[in-house]
Amino acid sequence: MHARVRFSPQTVTLLQALLDSPHDWHYGYDLSQQTGLKSGTLYPILIRLERAGLLAARWQTPSRPGAPPRHLYRLTAAGVRTTRERLRASKKRMSLAPASAAGRA
Amino acid sequence: MNGKPSERIVRQLVRYARWILPAESGDWGAAMEAEVGEMKDPGEKLKWAAGSLWVACRERLAALVCGRRRVVAGGDLLALEMEEGMRRLARAVIVAAAGAPLLFLLAPSFRQGLAVQARLWTASFNEPLVRAGELRAMASEAEKHGDAEALAFAALLHRDVNERAAWAEQAVGRQRDLTWLYAVLLSRAEHPAGAEVWLGALRRWAPDNGFVDVLEAKRIAQVEGSPGDRDYRQRVAKNVEWQAAMQAAFAAPVYDCYVGRQLELIRKVMRRERGSDPLLVVNASG
């Protein structure tokens, strides 16, 4: 069976946000604010990316006593590479789109 | 987090989310929960927690329906996806599971049961089980055909005091042995205007029934005010007429509040008119 690859607009938005500072670790809440994605959309994508090896996750030691540890995320090397390739490919598709439309006309 | 209701709801939602998440996703529940502590706005917290619960349900469903996942060779994008065939199967199962109960709606008895449940639910908000419009239509037909029993039936189920009084008078005018209807209606609410006439008719029709004396006592008590008034009980107890009416009630050889006749009439008219309508059955038995 052939696996279908899904690259949803929400995933692209999140990958772009992560790619803006690929070496920094990000909190889930910050990513949500940055991308405008709600937790119900954001976390399934994070989970998929992490399982795919495109995203690294680690726990941060609590900054104040009693607070729970927070999860941090950043792209892995493979994630950075895949994201760049994907973004490049989609930009190329977008730049080709008007030409092919004109060609059909 | 403090003990505000919204905080408790948030805490409960994220707790459920952690509980629902499959074991292999356990860390993600804690991750979503930890972020809630960083938010200030209660509404935002609530939305986040609801989103967390949604994620947990999705993950659990995916684990149940499509446990098998694989990484796509070549690392092309988000490598992990469910296989297309499995995804289709999962969708089909979900649609079938969601759609199958709707087939029950094809069965008339199921729809009828549903309607009864809905009516019972609205009845809890003081909505009548049989709508006034239906009863008016029934009473109008009964008037045309001189059907005293149907008029009495409508009077028994109707809520409008004046209309049901008029129907009751027509019913009794046509059929004297329905005079007990006055007693039932008088026992239900405050006595309407002309209650003395009804009581007189009842006394002539059933002179030995102590229930009529109780209704008379009720009418007398009504003159003293309403039960919520201060010293109402004391005033009523001191009323000589009330004492006499109650004494007569205790001394009466018969006490019949006509429940049997009432149910008999309802059953009879239901069989004749709308025998299959469970709403009336429910109403009559209530």
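No value in this document is a laboratory result; all are computed from the given coordinates. Treat the numbers as computed from the prediction; the structure is a model and nothing was measured. Cβ atoms come from the backbone with ideal geometry, glycine included; neighbour counts cover every protein chain shown.
Averaged over A:60-71, how many beta carbons belonging to a partner chain fall within 10 Å of each residue's beta carbon?
That average works out to 3.
With +1 on each Lys and Arg Cβ and -1 on each Asp and Glu Cβ, how big is the dipole of the range A:9-91 about its Cα centre, in debye rounded to the nearest 20?
Roughly 160 debye, rounded to the nearest 20.
Report the calculated FRET efficiency for residue B:230 and residue B:256 (r = Cβ-Cβ distance, R0 = 35 Å), to the nearest 0.05.
0.50
What size of dipole, in debye to the nearest 20, comes out for the range B:132-285 about its Cα centre when the only charges are +1 on Lys and Arg C-beta atoms and -1 on Asp and Glu C-beta atoms?
160
Measure off 7 Å from each Cα along the Cα-to-Cβ vector at residue B:94 and residue B:11, then give the distance between these two points in nanometres to one decimal.
My value for the distance between the label points is 3.3 nm.
When you look at the Cβ of every residue in A:30-42, what mean number of other chain Cβ atoms sits within 10 Å?
Going residue by residue through A:30-42 and averaging, the value is 4.
For residue B:105 and residue B:187, FRET efficiency with R0 = 41 Å and r from the beta-carbon atoms, rounded to 0.05?
0.50
Could you tell me which trypsin sites (Lys or Arg not before Pro) in the range B:1-40 are loop residues by DSSP with no more than 12 other beta carbons within 10 angstrom of their beta carbon?
B:40
What does the C-alpha gyration tensor say about the overall shape of the range B:132-285? Classify as rounded when a/c is under 1.5, otherwise prolate if a/b is larger than b/c, or oblate.
Taking the square roots of the gyration eigenvalues as a ≥ b ≥ c, the range B:132-285 is prolate.
Residue B:162 to residue B:208: FRET efficiency via 1/(1 + (r/R0)^6), r the Cβ-Cβ distance, R0 41 Å, to the nearest 0.05?
Computed FRET efficiency for residue B:162 and residue B:208 comes out at 0.85.
To the nearest 20 debye, what charge dipole does the range B:162-242 have about its Cα centre, counting +1 at the Cβ of each Lys and Arg and -1 at the Cβ of each Asp and Glu?
Roughly 60 debye for the range B:162-242.
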